[in-house]
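Enquirer: Let me give you the structure first, and then I'll get to my questions.
The values are calculated or read from the model by the stated rules, or taken from the named source; none is laboratory data. Note that the structure is a prediction, hence the values are computed from the model and not measured. Here the Cβ positions follow ideal geometry from the backbone for every residue, glycine too, while neighbour counts run over all protein chains shown.
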Amino acid sequence: MKRKKAPTAEPAGALELKETPSASVADVDTSAMVRTQIYLTHAEHQFLQAEAARRREPMAAVIRAIVDEKMEMPDDVWTNNPMLRPTPEDPGFNLPPDAALNHDHYLYGTPKRWIRVNGKWVEAPPLPNDYYENDASYQAYNRTLSELENAQ
């Protein structure tokens with residue numbers, strides 16, 4: 001007598017489709033689509049999963065949207081972009097050489113964070129504890145910074 005094999009249970013979710021049609025897929029003629037396979041880094045895959053969850057769309061719809069967005073960019077987006085042009089010269093506009101490093105100092109009057117010593121930018125020494133309360137400490141610290149910067 002032959003024994004019948006007991007049916008094996010499939011793991012939960014094994015028969016589920018990974019992607020379900022959404023409104024964006026319904027608008028697309030799927031007969032004109034080409035199925036393809038790609039390799040993604042772990043970070044890329046995580047990004048696409050998170051983006052798909054945020055949009056409540058399948059990952060394939062997110063990838064298609066990103067490709068469509070890239071395809072819509074004009075050819076001269078990187079060559080004729082005014083934001084990528086060099087800053088025009090203005091002879092009347094003079095900034096200190098450390099304006100970008102110490103912008104808080106020039107905008108709000110805070111102590112400098114960086115000073116130039118022997119041609120190199122280094123962090124300014126730490127402030128004394130009484131820098132803001134004691135005028136003598138304030139002046140001594142600023143004098144020290146000036147001496148360090150001018151000792152080249």
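Enquirer: Any idea which of 21, 7 is surrounded by 10 or more Cβ atoms within 10 Å (Cβ to Cβ), more than 30 Å from the chain's Cα centre (by Cα) and at pLDDT below 55?
Expert: 21
Enquirer: All but one of (1) under 23 Å from the mean Cα position of the chain (by Cα); (2) of a type in the set (S, T, N, Q); (3) modelled with pLDDT under 90 hold for residue 41; which doesn't?
Expert: So residue 41 meets the others, but not (3).
Enquirer: Okay, moving on. Filtering region 81-129 down to residues that are part of a strand (DSSP E or B) and among the charged types (D, E, K, R), which residue is nearest to the chain's Cα centre (by Cα)?
Expert: 123
Enquirer: Next up: Within region 71-80, is there a residue that is touching a helix residue (DSSP H, G or I) at 6+ places or on another chain (Cβ under 7 Å), surrounded by 10 or more Cβ atoms within 10 Å (Cβ to Cβ) and either modelled with pLDDT under 90 or part of a helix (DSSP H, G or I) (or both)?
Expert: no
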